[in-house]
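What follows is a single structure, and I will ask about it in a moment.
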Amino acid sequence: MAKLKTMPFDPAEYLTTPRALAIYMSEALETGDPAYIMHALGVVARAKGMADIARQTGLGRESLYKALREGGNPEFGTVIRVMRALGLSMAAKPRSQEGRPPRGTASRRTGASVEPKALRRVPSSTRKVAISAAR
């Protein structure tokens with residue numbers, strides 16, 4: 001019987017567009033797993049070119065590899081600088097609990113909106129954006 005030959009899979013090879021990078025990072029953030037999020041950030045940085053990201057962030061290439069490797073613990077400022085260098089941004093969105101509207105969207109007794117006035121003027125579709133590619 002012939003042996004099955006396997007090759008390592010590197011998702012960085014398939015992240016070729018800003019949209020693909022944003023989708024990959026959005027999915028990682030949705031997991032809520034800090035280790036996986038850092039792994040995904042490292043994959044995306046390798047896809048864009050670690051040397052280029054290091055130059056844009058002002059960090060050394062080796063320091064960047066060390067921060068984004070498994071078990072690395074980068075400072076939050078480093079994560080933000082890497083995200084910017086990747087052309088990505090982060091934004092908060094409300095989490096809903098199963099069967100319940102997100103907090104702050106409706107009063108339990110009256111159903112009336114209790115959102116801050118500033119949010120009432122923003123279309124709900126724009127509040128959901130988690131990660132977007134810079135244009």
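Residue check: is Pro94 surrounded by fewer than 18 Cβ atoms within 10 Å (Cβ to Cβ) and either in a loop (DSSP other than H, G, I, E, B) or of a type outside the set (Gly, Ala, Ser) (or both)?
Here the answer is yes, as Pro94 does meet what is asked.
Quick one: Ser89 ticks every box in (1) of a type in the set (Gly, Ala, Ser); (2) part of a helix (DSSP H, G or I); (3) touching a strand residue (DSSP E or B) at 6+ places or on another chain (Cβ under 8 Å) except a single one, so which number is it?
(2)
How many residues are more than 20 Å from Tyr24 (Cα to Cα), acidic (Asp, Glu) and either assigned to a helix (DSSP H, G or I) or touching a His at 6+ places or on another chain (Cβ under 9 Å) (or both) if we restrict to region 39-80?
1
Any residue that is surrounded by 13 or more Cβ atoms within 10 Å (Cβ to Cβ), at pLDDT below 55, within 21 Å of the chain's Cα centre (by Cα) and among the basic types (Lys, Arg) - is there at least one of those in region 115-127? Lay out the reasoning, then the answer.
We begin by selecting, within region 115-127, every residue surrounded by 13 or more Cβ atoms within 10 Å (Cβ to Cβ); these are 115, 119, 127.
Restricting the remaining residues to those that are at pLDDT below 55 gives 115, 119, 127.
Restricting the remaining residues to those that are within 21 Å of the chain's Cα centre (by Cα) gives 127.
Those left that are additionally among the basic types (Lys, Arg): 127.
Checked region 115-127: at least one residue is surrounded by 13 or more Cβ atoms within 10 Å (Cβ to Cβ), at pLDDT below 55, within 21 Å of the chain's Cα centre (by Cα) and among the basic types (Lys, Arg).
Now, a different point. Is it the case that region 28-36 has a residue that's more than 11 Å from the chain's Cα centre (by Cα), hydrophobic (A, V, I, L, M, F, W, C) and in a helix (DSSP H, G or I)?
Yes; the residues of region 28-36 include at least one that is more than 11 Å from the chain's Cα centre (by Cα), hydrophobic (A, V, I, L, M, F, W, C) and in a helix (DSSP H, G or I).
Separate question: Any idea how many residues of region 20-35 are surrounded by 14 or more Cβ atoms within 10 Å (Cβ to Cβ) and over 21 Å from Pro94 (Cα atoms)?
Matching residues across region 20-35 total 2.
The values are calculated or read from the model by the stated rules, or taken from the named source; none is laboratory data. Not measured: the values here are computed from a predicted model. In this analysis, Cβ positions are derived from the backbone assuming ideal geometry, glycine residues included, and neighbour counts consider all displayed protein chains.
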